[in-house]
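Laboratory data are not the source of any read-out in this text; all were calculated from the coordinates shown. The structure presented is a predicted model; accordingly, all values stated were derived computationally and were not measured. Every residue, glycine among them, receives a Cβ derived from its backbone with ideal geometry; neighbour counts consider all protein chains shown.
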Amino acid sequence: MDINKLSEERDLIAGEAEKEKETLACINKEIKKRKDYIRSLHLLEESRYDNAQARKQYSGLLHILKKYQVDLEDTPEPFRQMTRTVQDASRGLEFGQKGEDRAAEAIALLGNKVLSLQNLRLKYNNLDIEHDLVIIAPTGIFSVEVKNKRNNGIISEKGILKSGSHSENLIEQIRRHTNSLSRYLEDIYKKQPQMKKKLKVYPIILWANNRSNVKDHFREVPVCYINRLEYELFKKEKYTADLNRNEMENICSKLKKRKQQNRLYPLCVDKNYLEELTEYCLTDLKKQLEDTTRRLRINEYDIRVLDKKIQQKEKGFFSKLGELFSRDTV
């Protein structure tokens, strides 16, 4: 092969090498862009969150997995397990929020017949209680446990709710919530003894999912479907507080003033998970980076080989040229 053809081949490979370098620059730029994007979401910067913040964090984590098409089947089992935990926690919070939204819609339909406070967290002595919903009606004050379950439920005679694989002690929750709210109100109105007989707190379990059913064997606490809430609240023969509008507004105002910040909970993931997630979001780019780098190294090797061949050809050419020149001189 003559020098011209070798030079042409070298130029062609050198052009390919330049393209690979440009590709590498683009890949590195995209890696930085992804890392910056994930950092910009400020995920897991705090150790504890309220439910709304936790939903946002979980949603952000799952969005990243989808955005960068992370194939969980190609990740280690511990990471897959943690991701399933994130998915379950996210679904649980979303389902719980939907239950609260349905409860709020049911309350809104009652107009000004009642007053309500959602997620009412109160501290009294050593008690720190967060009520799903407190309703103040003419008939009384109701501490409402909102349950939004995907599966049908059964409440045993001992007050244990079972729904799917989940179980919880309702009677323990209800006693804690109603007793603490009663004592809290009694303390607020301790200088108004005329109100004491009207500070009647009643428990209700509100079943927020109309697509599932609940069998109640407990009987001591009413279980009310979302579309039956109004009928339950206004049973005057059952609930006898007899509050007037001013009293209702006064109770609501005093509770609202004493409402604490929503309780904060830890997430089920930590920074190590986020770091692993970031790495898996870069898997496709790192594979491209590896392949492109390998092609570039091959091109650079081929260029060095061609350079040697060209040098050898040039050396041979000038050697022959020198011999000819020597003969002509003689």
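Data table
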quantity: Segment Ser253-His42, length gained on full extension (0.36 nm per residue, minus Cα span); calculated: 72.4 nm
quantity: Net lengthening on full extension, Asn112/Asn227 (0.36 nm per residue, minus Cα-Cα); calculated: 39.6 nm
quantity: Helical contribution to [θ] at 222 nm, DSSP H n ≥ 4, -39,500 (n - 2.57), averaged over the chain, rounded to 500; calculated: -19500 deg cm²/dmol
quantity: Glu237, Glu279 arranged by Cβ crowding within 10 Å, fewest neighbours leading; calculated: Glu237, Glu279
quantity: Sequence ranges 119-127, 93-101, ranked by mean other-Cβ count within 10 angstrom, highest first; calculated: 93-101, 119-127
quantity: Asp307 paired with Thr85, simple spin-label distance in nm, labels 7 Å along Cα-to-beta-carbon; calculated: 5.4 nm
quantity: Cα-based radius of gyration of the stretch 98-266 once divided by 2.2 N^0.38 Å, which approximates compact folds; calculated: 1.01
quantity: Low-density loop cleavage sites - GluC sites (Glu not before Pro) in the stretch 153-225, where at most 12 other Cβ are within 10 Å (DSSP); calculated: Glu157, Glu220
quantity: Simple spin-label estimate for Cys26 and Glu275 in nanometres, 7 Å along Cα-Cβ; calculated: 3.2 nm
quantity: Estimated distance in nm for a label pair at Gln260 and Lys66, the labels positioned 7 Å out from Cα along Cα-to-Cβ; calculated: 3.5 nm
quantity: The stretch 250-302 versus the stretch 9-57: alpha-carbon centroid distance in Å; calculated: 12 Å
quantity: Packing-based ranking, highest mean first, of 55-63, 255-263 given that Cβ atoms within 10 Å are counted; calculated: 55-63, 255-263
quantity: Length gained when the stretch Ile298-Phe234 is fully extended (0.36 nm per residue, less Cα-Cα span); calculated: 14.8 nm
quantity: Two-decimal log10 I(q)/I(0) for the stretch 36-178, as the Debye equation yields it once each C-alpha is a single scatterer, q = 0.10, 0.16 Å⁻¹; calculated: -0.50, -1.07
